[in-house]
Amino acid sequence: AKDDAVKLWRAIIIMPASNASSGYTSGSDSRTALKCWSKGSENLQQSFCLAFTVDFTVYNFAISCQDRKWFIQKRFSQFDQLDTYLNQKYPDLMVNIQRLPPKQMFGSLSASLIALRQKSLDAYLQSILVRSELTMTEEVRDFVEMPVDVRE
């Protein structure tokens, strides 16, 4: 069933993978034009009260604006939260935005799912950053951890 979900998601990805890692530029205003590049992923582990641990994946991205460049790490759940918020607050702007892959209850650390999510999250982030109306929102600027001096 998991492999079928992966195949289905690959069939509906809007942006071809060949464009996903090339970096993408937002908006027409060169002062706020953002570019992003996928930089892979990492599996991490977090301990709680020494009683149990949780394994999870973070997805790495490089973001640039003019001559500034910074790196961010985000979990899939953070992308999901951003997507939910943006769809509620800006439904008209989100119509043509790349969709996120479906959530997985089990197998979220499988190499094939992580690779699929990496490409999908890259395409999602790029599709947001090309929309200057979204790039200018505090929610997106906070999500990409835009430095204060770049926001001005």
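Suppose the filter is over 17 Å from residue 37 (Cβ atoms), assigned to a helix (DSSP H, G or I), open to solvent by 20 Å² or more (accessible area, probe 1.4 Å) and modelled with pLDDT under 95; does residue 133 pass it? Against the criterion (over 17 Å from residue 37 (Cβ atoms), assigned to a helix (DSSP H, G or I), open to solvent by 20 Å² or more (accessible area, probe 1.4 Å) and modelled with pLDDT under 95), residue 133 qualifies.
Right, residue 122: part of a helix (DSSP H, G or I), within 27 Å of residue 65 (Cβ to Cβ), open to solvent by 50 Å² or more (accessible area, probe 1.4 Å) and not aromatic (Phe, Trp, Tyr) or not?
On the way: part of a helix (DSSP H, G or I): yes; within 27 Å of residue 65 (Cβ to Cβ): yes; open to solvent by 50 Å² or more (accessible area, probe 1.4 Å): no; not aromatic (Phe, Trp, Tyr): yes.
It is false that residue 122 is part of a helix (DSSP H, G or I), within 27 Å of residue 65 (Cβ to Cβ), open to solvent by 50 Å² or more (accessible area, probe 1.4 Å) and not aromatic (Phe, Trp, Tyr).
Residues in the range 48-64 that are closer than 17 Å to residue 129 by Cα and of a type in the set (A, V, I, L, M, F, W, C): 61, 62, 63. Where helices (runs of 4 or more DSSP H) fall wholly inside the range 1-100, the ranges with 3 or more residues that are modelled with pLDDT under 85 and exposed (fewer than 12 other Cβ atoms within 10 Å of the Cβ) are 2-12.
The values are calculated or read from the model by the stated rules, or taken from the named source; none is laboratory data. Only a predicted model underlies this, so the values are computations on that prediction, with no experimental measurement involved. Note: ideal-geometry Cβ built from the backbone for every residue, glycine included; neighbour counts use all protein chains shown. All accessible areas refer to the heavy atoms of the entire protein, side chains included, with ligands and DNA or RNA removed. Shrake-Rupley method; radii C 1.70, N 1.55, O 1.52, S 1.80 Å.
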